[in-house]
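Everything on this sheet refers to the single structure shown next.
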Amino acid sequence: GIKKPFTEVIKANIGDAHAMGQRPITFLRQVVALCTYPNLLDSPSFPEDAKKRARRILQDCGGNSLGSYTASQGINCIREDVALYIQRRDGGVPADPDNIFLTTGASDGITTILKILVSGGGKSRTGVMIPIPQYPLYSAVISELDAIQVNYYLDEENCWALDVNELRRSLNEAKSYCNPKVLCIINPGNPTGQVQNRKCIEDVIHFAWEEKLFLLADEVYQDNVYSEGCQFHSFKKILYEMGPEYYNNVELASFHSTSKGYMGECGYRGGYMEVINLHPEIKGQLVKLLSVRLCPPVSGQAAMGIVVNPPIPGEESYSQFIKEKESVLNNLAQKAKLTEDMFNKVPGFHCNPLQGAMYAFPRIFIPSKAIEEAKAHKMAPDMFYCMKLLEETGICVVPGSGFGQREGSYHFRMTILPPVEKLKMLLEKVKDFHIKFLEKYA
């Protein structure tokens, strides 16, 4: 009941595109609607290319219904479409539908693979190398599975680049207390927004090959690349191009999702993983493990099916689809640049270029007086900062300590998803708050 100095809470803490006002992609919703309520297949309101895809998906469902269980790996025709999508994306690199598993968002796939990989006890317990800052799914699952978290730091001074020397330092230190077996990469980065270049990916693959590490490539932001000169390269493609010695030996699981990209369909919980070079017996165990939960949500599978099999030139929905897709991505690129520019004008702020994904992760200066007050409240300094920001402006962001950061540095993660005008207002409010914060505590 206390009067607040703001009229609404702006939830800039989570990458939930539609909650922030992004419009759904018409074609995707049309196909899922047709699959959910097949009576609409007779309606003239729906384009023929959407009906064609819906019929194909329904033919692969038991009783031609989205309400039936599917194979635990997912609907066959959608897995075939995923394989074709990967081949197109990677310039003809072959993909086998049998290596594709449809999942409940990417998170479910990542959790499942880690379950398969974690074993041992004491010093032989599986170590999982994760980037710091990281997406907290990783630390949570590692903790849940009682595995060992092995941190490697991204280089903030070099636009959050991944340095193989840092991977080697991290691995060698970890060998004294665990058995490091898994290397996780998030590209484009979350929360850091960097896009890895080809040379960096080659170095990482060589390192994984050398050290016999299982690679997890979290590529859910592969459509979200904004900076000039930046391009998404999949780990699968680079692995293949490095030749058979690498391609036939490095174990790799890569992940994609309906939740990010231009789709923003978080609620459908659609995703896939492609797993290559898994030993046949281990693959059998993976299928068994997946069978326990029967199948991923079938509407989410259908949504993933449209992401990998969108309208093509010549189809009636193509022009509207491409217009909507480009509008979302151009809008995000504009907001990425706007956020970077505005933050770097704020005294005590440093924000690296937002090359990809949908977040800013600026470094903030917190005066020692504020750090002391945070300690008195038994709070991390950036948590104290973010709570003050919320209480005084209604803007909700996530403290950097929730993702991990180098000792003595402070950050927060903020999504760039709000509409442009609202984002400008939000950035102005953050700037005004920060200046007042410095005046109070500096």
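The values are calculated or read from the model by the stated rules, or taken from the named source; none is laboratory data. Computed from a prediction, not measured in an experiment: that's the story for all the values here. Every residue, glycine among them, receives a Cβ derived from its backbone with ideal geometry; neighbour counts consider all protein chains shown. Just the protein is used for accessible areas: all its heavy atoms, side chains included, with ligands, DNA and RNA removed. Shrake-Rupley method; radii C 1.70, N 1.55, O 1.52, S 1.80 Å.
Amide H contacts of PHE214: VAL182, LEU183, each under 5 Å away and 5 or more positions distant or on a separate chain (H built 1.01 Å from N in the peptide plane; Pro and chain starts excluded). Each 5 Å bin from zero holds the following percent of Cα-Cα pairs in the range 59-308: 1, 6, 14, 18, 20, 18, 13, 6, 3, 1, 0, 0.
Once you have the Cα-Cα distance between LYS199 and HIS18, take 0.36 nm times their residue separation minus that, and quote the gain in nm to one decimal.
Stretched fully, the LYS199-HIS18 segment lengthens by 61.7 nm.
Taking θ as phi - 60° and the Karplus parameters 6.51, -1.76 and 1.60, the scalar couplings of the range 165-182 work out to 4, 5, 4, 5, 4, 4, 4, 5, 5, 5, 4, 6, 10, 7, 10, x, 10, 10 Hz in sequence order, x denoting glycine and proline. Between SER327 and GLU144, the simple spin-label model (points 7 angstrom out along Cα→Cβ) gives 3.7 nm.
What the phi angles of the range 378-393 give under the Karplus curve with 6.51, -1.76 and 1.60, with θ = phi - 60°, is a coupling list of 6, 10, 5, x, 6, 5, 4, 4, 5, 5, 4, 4, 5, 5, 9, 10 Hz, glycine and proline written as x. Using R0 = 35 Å, the C-beta based FRET efficiency linking LYS288 and LYS375 works out to 0.10. In order along the range 3-15, the phi-based Karplus estimate (6.51 cos²θ - 1.76 cosθ + 1.60, θ = phi - 60°) of 3J(HN,Hα) comes to 5, 9, x, 8, 9, 8, 8, 9, 7, 8, 9, 9, x Hz; Gly and Pro are listed as x.
Of the trypsin sites (Lys or Arg not before Pro) found in the range 154-225, the ones in coil according to DSSP and having at most 14 other Cβ atoms within 10 Å of their Cβ are LYS175, LYS212.
Only sites in a loop by DSSP and with at most 14 other Cβ atoms within 10 Å count here; which trypsin sites (Lys or Arg not before Pro) in the range 230-335 make the cut? Spell out each step's value before the answer.
Values: sites: LYS236, LYS237, LYS260, ARG269, LYS283, LYS288, ARG293, LYS323, LYS325, LYS335; in loops: LYS260, ARG269, ARG293.
Counting only loop positions with at most 14 other Cβ atoms within 10 Å, the trypsin sites (Lys or Arg not before Pro) in the range 230-335 are ARG293.
Solvent-accessible surface of the chain, averaged per residue with a 1.4 angstrom probe and all protein chains in place: 42 square angstrom. Measuring nothing but how far apart in sequence close Cα pairs (under 8 Å, 6+ apart) lie, relative to its length, the range 59-308 scores a relative contact order of 25 percent. When both bridge partners sit in the chain, DSSP labels roughly 50% of those beta bridges antiparallel. Here the simple spin-label model places points 7 Å from the Cα toward Cβ, and for PHE6 and ASP341 these points are separated by 2.4 nm. Local charge for VAL430 was computed over the other residues whose Cβ lies under 12 Å away, with Lys and Arg +1 and Asp and Glu -1, and equals +3.
Take the cross-link list LYS212/LYS288; LYS4/LYS436; LYS260/LYS388; LYS212/LYS237; LYS388/LYS440; LYS236/LYS283 and give me the ones stretching past 23 Å between alpha-carbons.
On the way: LYS212/LYS288 25 Å; LYS4/LYS436 17 Å; LYS260/LYS388 29 Å; LYS212/LYS237 19 Å; LYS388/LYS440 12 Å; LYS236/LYS283 18 Å.
Too far apart for the 23 Å limit: LYS212/LYS288; LYS260/LYS388.
Can you give me the % of accessible surface on the range 226-325 that is carbon or sulfur? Probe 1.4 Å, all protein chains present, nothing else counted. Provide the component values of the computation, followed by the final result.
Values: 2220 of 4170 Å².
Its accessible area is 53 percent carbon and sulfur atoms.
Have a look at the DSSP beta bridges in the range 59-308 and tell me what percent are antiparallel, nearest 5. Please report the intermediate quantities before stating the final value.
On the way: 12 of 31 bridges.
Roughly 40 percent of the beta bridges in the range 59-308 run antiparallel, per DSSP.
The slack in the chain from SER319 to ILE435, taken as 0.36 nm per residue of separation less the alpha-carbon distance, amounts to 37.1 nm. Maximal additional length on extending the LYS422-ARG29 stretch stands at 138.9 nm, based on 0.36 nm per residue less the C-alpha distance.
Using alpha-carbon positions, what is the distance between the centroids of the range 337-352 and the range 172-220, in Å? Taking the Cα centre of the range 172-220 as reference, the centre of the range 337-352 is 29 Å away.
Amide H contacts under 5 Å for VAL398: ARG413, restricted to partners 5 or more places along the chain or on a different chain, H placed in the peptide plane at 1.01 Å from N.
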